[in-house]
Amino acid sequence: MALEIRDLHVAVDGKEILKGVSLNVERGSTHALMGPNGSGKSTLSYTLMGHPKYLITQGDALIDGVSLLEMTPDQRARAGLFLAMQYPVAISGVSLYSFLHAATSAVRGFGDRSARPARGRFNAHLMPMREFRKEVNGKLDLLEMDPVFLRRYLNEGFSGGEKKRAEILQMALLKPKFSVLDETDSGLDIDALRIVSKGINALQDELNMGLLVITHYQRILNYIHPDVVHIFVDGRVVKTGDAKLAEILEEQGYEWVRQELALGD
Amino acid sequence: MAERYNTTSMPSISTTTVEALSLPVGAEAAGAIADLHDEPDWMREARLDAWATYAAMEFPRKDEEAWRRTELSRYPLDDMRVVFSGTELNGIENLPPCWNYTLAPANLVSGVLVHCNGARTHATMRPEIADQGVVFADLHRALRTHGDLIRRYWMKGTTTRPDFNKFTALNAALWHGGTFIHVPAGVNIARPFQSLISYDADGGTGLHHTLVVAEAGSRVTLIQDRVSQDLRSAVNAEIVEIYAEAGARVRYISLQHWGHHRYSVSVQEAQVAQNANMVWVTGSMGGGMTKEFLRTNLNATQARSTMAGFSFPYDHQHVDQSTYQHHKAPNTYSDLLFRNVLRDRAQTVFYGMIRIETEAGGGTEGYQENNNLLLDDARARAIPGLEIIANDVRCGHGATVSRIDPEELFYLQARGLPRPDAESLIVQGFIRPIIERVPLAHMRDRLEEEIAERFWR
């Protein structure tokens, strides 16, 4: 039961960005992936989720032994993968509530529209409203979010912190087996970081989630404690260790890693 | 005085007659309709005058601005017929079941009026609303009881007049089936009236005429929908006239679900008096080709109008909307927001005009926005226009044509929504600002469902 990444090579516009990434994130475990800007961290997260811009030239990515590569992004989500995005997209006119209702229903297998009876009621295929509403309210409490949020259009006019909370709210409802958190700590003040991290930890306990925390800074790792830390430079994992590695990195900076590597060569 | 037609030589219509008869458009048909409904002389004359106008006019030419982008030669103009349905009052239950969805539950509306093939098939109104002197009736019957009132308002608009074009002349001569609302001064009708115009396979040419008169300080909403089951191509030449007298508030929700064989020209105009407020919502989902002239005249100070519209053509559907916001007095306000979504090889044309007359200077504001969202090989054209002859006014207009943002699509798919559901959600979000203005959750849900269905065809 793992998210496995095997020797993944990815190119964007003909340029190789990931140069052979291998990771094995077991369910229930937390891996941190730390690297400087431009090292390809976001490329890895988008590639795992199936963004069409990224071309896999070699390698594989599997969820519980099943390859993700032939799956569309929605199939990957339904297979249990979640990506908390660094820059969530705003969609005007679509309320957070109706979006969450549609997405939760899709992921939980409430059937799609194509299977709906010809003259069935609109949304008849979705999760029952009352049940869903109750569950959402519980998750809003967990993330200390005001229910008025639900009436706002998806990410439109949300502050940085609100967007990140909304991402974790989605995670809470979609109940993934594995989550990739792409710079979830960026744009969060210390209070928001604490609330978001508390939410993530609670969800990991609840769902026995495997977590891949992608971050530039060590800060979030004070709240979400990693079992394994990988240092990621220039499209590769260059060093793997335990939580102490993150602390050394925080003290010494990425320059230290580069020097270590140069010495190692 | 026009010659009276001998009713015995003409289709004799009674509630027991079942066979449908049809006549080609012409003076004979005009007289037959007048006879059938025992219309007052002024209407009979108006019909025959209009027929003379029709006969003297040419069909619009392609080099006229309003017809430059809509191919009138595709309209089946050679085979226009007036159909006399033998049956009347045969009940809402006799409508094809697929049409019933257009009607909201009876407890949510003030009254329902259904026409099929130009004949009234169903009419209800809450007694407490009738008690306030409100008339919600088919126009033929209303002519007998409120003939003088109707005559005062009859076809005196800028576009809703017999000689505006050949189609308004045709309607003036041969209108057949009509919706009439009269709300006395100060009467406030909270729940909407609902009108359904329908044509079945024997339907013939659509010649419906709608007249709404909201007296001073009154308040009324009309939801009007249109459906047809045409086996062969048919023309629709329709007129809607709305009068919002001083301080009145009128909402007109105009929906269109014509079958794909129906080729329509619909001329709709509202006259807005001092301190009155006119709210339009227009939605075009059906029709082979649809040409709409939608006009608001702001005739006195503090008159306000909001025009909102959406269309979602697919396949080879064509929707052409000419809108006109005409400011004739100072301190008048109008805004317009039309949004179109196009699939397959569909086409839309939006030609919007704001005109502010010299005497309308001083505090007047007019705005207009047209946004188009394209999928597949569809094509949208937007031609906004401003004619401002006054000083001290505020105006703005804009038009956009865009496609679905792949990042939005990815975001929704990454949350487990299959691509058609993701597209549907984005499109619903795009049209939301219009749908929000439709009264009754039932109607909004129906429209959203219809939009979603187009992604699972």
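The rows are residues; the columns are (1) hydroxyl-bearing (Ser, Thr, Tyr); (2) in contact with a helix residue (DSSP H, G or I) (Cβ under 7 Å, 6 or more places away or on another chain); (3) assigned to a helix (DSSP H, G or I).
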position	(1), (2), (3)
B:Ser22	yes, no, no
B:Ala29	no, yes, yes
B:Ala32	no, no, yes
B:Glu39	no, yes, no
B:Arg44	no, yes, yes
B:Arg47	no, yes, yes
B:Ala50	no, yes, yes
B:Thr53	yes, yes, yes
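Among the residues of segment A:164-181, are any away from chain B (no Cβ under 14 Å) and under 30 Å from A:Arg108 (Cβ atoms)?
Checking segment A:164-181: at least one residue is away from chain B (no Cβ under 14 Å) and under 30 Å from A:Arg108 (Cβ atoms).
Within segment B:218-249, which residues are of a type in the set (Asp, Glu) and either part of a loop (DSSP other than H, G, I, E, B) or outside the structural domain of B:Glu269 (by TED's automatic domain parsing) (or both)?
Once the filter is applied, which keeps residues that are of a type in the set (Asp, Glu) and either part of a loop (DSSP other than H, G, I, E, B) or outside the structural domain of B:Glu269 (by TED's automatic domain parsing) (or both), segment B:218-249 yields B:Asp230, B:Glu245.
Show the residue pairs meeting these rules: Cβ distance below 7 Å; 6+ apart or different chains; first residue within segment A:67-84 and outside any helix (DSSP H, G or I); second residue among the aromatic types (Phe, Trp, Tyr) and modelled with pLDDT under 95.
Listed pairs, sorted by first residue: none to list.
All but one of (1) at pLDDT below 95; (2) closer than 23 Å to B:Ala308 by Cβ; (3) more than 12 Å from every other protein chain (Cβ to nearest Cβ) hold for B:Phe455; state the number of the condition that does not hold.
Tallying (1) at pLDDT below 95; (2) closer than 23 Å to B:Ala308 by Cβ; (3) more than 12 Å from every other protein chain (Cβ to nearest Cβ), B:Phe455 fails exactly one: (3).
Which of the residues that make up segment A:76-95 are more than 7 Å from every other protein chain (Cβ to nearest Cβ), surrounded by fewer than 21 Cβ atoms within 10 Å (Cβ to Cβ) and among the hydrophobic types (A, V, I, L, M, F, W, C)?
Of everything in segment A:76-95, those that are more than 7 Å from every other protein chain (Cβ to nearest Cβ), surrounded by fewer than 21 Cβ atoms within 10 Å (Cβ to Cβ) and among the hydrophobic types (A, V, I, L, M, F, W, C) turn out to be A:Ala79, A:Ala90.
So that you can scan it fast, the table gives a plain yes or no per residue for (1) within 27 Å of A:Tyr254 (Cβ to Cβ); (2) within 12 Å of chain B (Cβ to nearest Cβ); (3) buried (at least 23 other Cβ atoms within 10 Å of the Cβ); (4) at pLDDT 95 or above:
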residue: A:Ala32; (1), (2), (3), (4): yes, no, yes, yes
residue: A:Gly35; (1), (2), (3), (4): yes, no, yes, no
residue: A:Ser45; (1), (2), (3), (4): yes, yes, no, yes
residue: A:Tyr54; (1), (2), (3), (4): yes, yes, no, yes
residue: A:Thr57; (1), (2), (3), (4): yes, no, no, yes
residue: A:Ile63; (1), (2), (3), (4): no, no, no, yes
residue: A:Asp74; (1), (2), (3), (4): no, yes, yes, yes
residue: A:Tyr97; (1), (2), (3), (4): no, no, no, yes
residue: A:Ala102; (1), (2), (3), (4): no, yes, yes, no
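Is it true that some residue in segment A:153-160 is closer than 30 Å to B:Ala441 by Cα, assigned to a loop (DSSP other than H, G, I, E, B), within 14 Å of chain B (Cβ to nearest Cβ) and touching a His at 6+ places or on another chain (Cβ under 8 Å)?
no
Restrict the check to segment B:393-406 and report whether at least one residue is within 14 Å of chain A (Cβ to nearest Cβ) and crowded, with 20+ Cβ neighbours inside 10 Å.
No, every residue in segment B:393-406 fails to be within 14 Å of chain A (Cβ to nearest Cβ) and crowded, with 20+ Cβ neighbours inside 10 Å.
Is there any pair linking a residue in segment A:39-62 that is farther than 19 Å from A:Pro176 by Cβ to one that is buried (at least 17 other Cβ atoms within 10 Å of the Cβ) and of a type in the set (S, T, N, Q), with Cβ under 7 Å and at least six apart or on different chains, and which?
A:Tyr54/A:Thr43; A:Tyr54/A:Thr47; A:Ile56/A:Thr47
Could you figure out which of (1) surrounded by fewer than 21 Cβ atoms within 10 Å (Cβ to Cβ); (2) aliphatic (A, V, I, L, M); (3) modelled with pLDDT of 95 or more isn't true of B:Leu373?
The failed condition is (1).
Does B:Thr290 meet the test of being in a loop (DSSP other than H, G, I, E, B) and β-branched (Val, Ile, Thr)?
no
Counting only residues that are in contact with a helix residue (DSSP H, G or I) (Cβ under 9 Å, 6 or more places away or on another chain), under 20 Å from B:Arg339 (Cα atoms) and touching a residue at least 40 places away in the same chain (Cβ under 8 Å), give me the helices (runs of 4 or more DSSP H) lying completely in segment B:370-457 with at least 1 of them.
B:419-435, B:441-453
Could you check segment B:81-185 for strands (runs of 3 or more DSSP E) lying wholly inside it with 2 or more residues that are closer than 28 Å to B:Met443 by Cα and among the polar types (S, T, N, Q)?
B:119-125
The values are calculated or read from the model by the stated rules, or taken from the named source; none is laboratory data. What you see is a predicted model, and the numbers here were worked out from it, not measured in a lab. Here the Cβ is made from the backbone with ideal geometry for all residues, glycine too, and neighbour counts use every protein chain on show.
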